[in-house]
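To start, the structure under review is shown below, and the notes come after it.
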Amino acid sequence: MLNNGLDKGIGKVKKWTDEFKTFAIKGNVIDMAVGIIIGAAFGKIVDSMVKDIIMPPMGWIMGRVDFTNLYFTLPNYDGKIVEYPSLEAAQAAGAVTINYGLFINTLISFIFVAFAVFLLIKFINKLRAAVETKEEVQAEIDTKACPRCFSTINIKATKCPNCTADI
């Protein structure tokens, strides 16, 4: 009796292991991992584009503003607000800051990523529609209508499988 229960437990573990192998190998996990890796790399590219290409001219147009140094310093415990020359200096001194310039950079990065994903999905949907149309045309070429019952049958058929009429 004890051995039978052990065999059932081992069988369940083997079944779960086989299911996991199937799940991992069939592409679900692999596709997800590739998507995450590409997404992380894409995020770095967009982040660099915003920080290094878009924000410097934007800051120049706005009067040589460096968005990374736009911040508010909150008062100390004694109620005094200390001014710092840069965000790095404020953070090094342990000041509590609200970094709205970095938030603006992040917001612009998000907008670019969202727009790029939108364009990518639009392109994929266009490709998908083209492939589906090609498959529909191929299906129409491979089939014909039975002259008696008008059901769709293979073009090579000599007898209708639905009404058994000779074709």
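The values are calculated or read from the model by the stated rules, or taken from the named source; none is laboratory data. From a predicted model like this one, the values you see are computed outputs, not experimental measurements. A quick note on method: Cβ atoms are made from the backbone with ideal geometry, for glycine too, and the neighbour counts reach across all protein chains shown. All accessible areas refer to the heavy atoms of the entire protein, side chains included, with ligands and DNA or RNA removed. Shrake-Rupley method; radii C 1.70, N 1.55, O 1.52, S 1.80 Å.
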Revision key, fill the gap. With DSSP loop assignment and no more than 13 other C-beta atoms within 10 Å, the chymotrypsin sites (Phe, Trp or Tyr not before Pro) in region 26-134 are 77
Check your understanding: How big is D for region 104-149, in µm² s⁻¹ as a whole number, if Stokes-Einstein is applied with the Kirkwood radius of its Cα pairs at 10 °C and 1.306 mPa s?
Key -> 115 µm²/s
Check your understanding: Just the projected area, averaged over all directions, of the convex hull on the alpha carbon atoms of the chain: how many nm²?
Key -> 25.3 nm²
Study note, to complete from the structure: Of the accessible area of the chain, computed with a 1.4 Å probe and all protein chains kept, carbon and sulfur make up a percent value of 67 percent
**Study point:** Exposure ranking of 151, 48 by accessible area [1.4 Å probe, largest first]
**Key:** 48, 151
Study note, to complete from the structure: Once amide hydrogens are built 1.01 Å from N within the peptide plane, the residues lying 5 or more places from residue 143 or on another chain with amide H under 5 Å from its amide H are 155
Check your understanding: Thinking of region 7-68 as a set of Cα atoms, what percent of all their pairs are more than 14 Å apart?
Key -> 73 percent
Check your understanding: Where nothing but the Cβ of Lys and Arg (+1) and of Asp and Glu (-1) is charged, how large is the charge dipole of the chain around its Cα centre, in debye to the nearest 20?
Key -> 760 debye
Review point. Over what distance in Å are the Cα centres of region 11-79 and region 91-138 separated?
Key: 11 Å
Point to revise | Calculated from backbone phi, Karplus (6.51, -1.76, 1.60) coupling profile of region 53-67 in Hz, x at Gly/Pro | key: 10, 8, 5, x, x, 4, x, 5, 4, 8, x, 6, 8, 9, 4
Study note, to complete from the structure: Computed over region 59-131, protein heavy atoms only, probe 1.4 angstrom, the accessible area per residue in square angstrom equals 77 Å²
Exercise for review: Name the lysines eligible as straight-distance cross-link partners of residue 8: C-alpha to C-alpha under 30 Å, and not fewer than 8 places from it in the same chain.
Suggested key: 21, 26
Review point. Which helices pass in the chain if a helix is a full DSSP H run, must span at least 24 angstrom along its long axis by Cα, and must have mean Kyte-Doolittle hydropathy not below 0.5?
Key: 28-48, 100-142
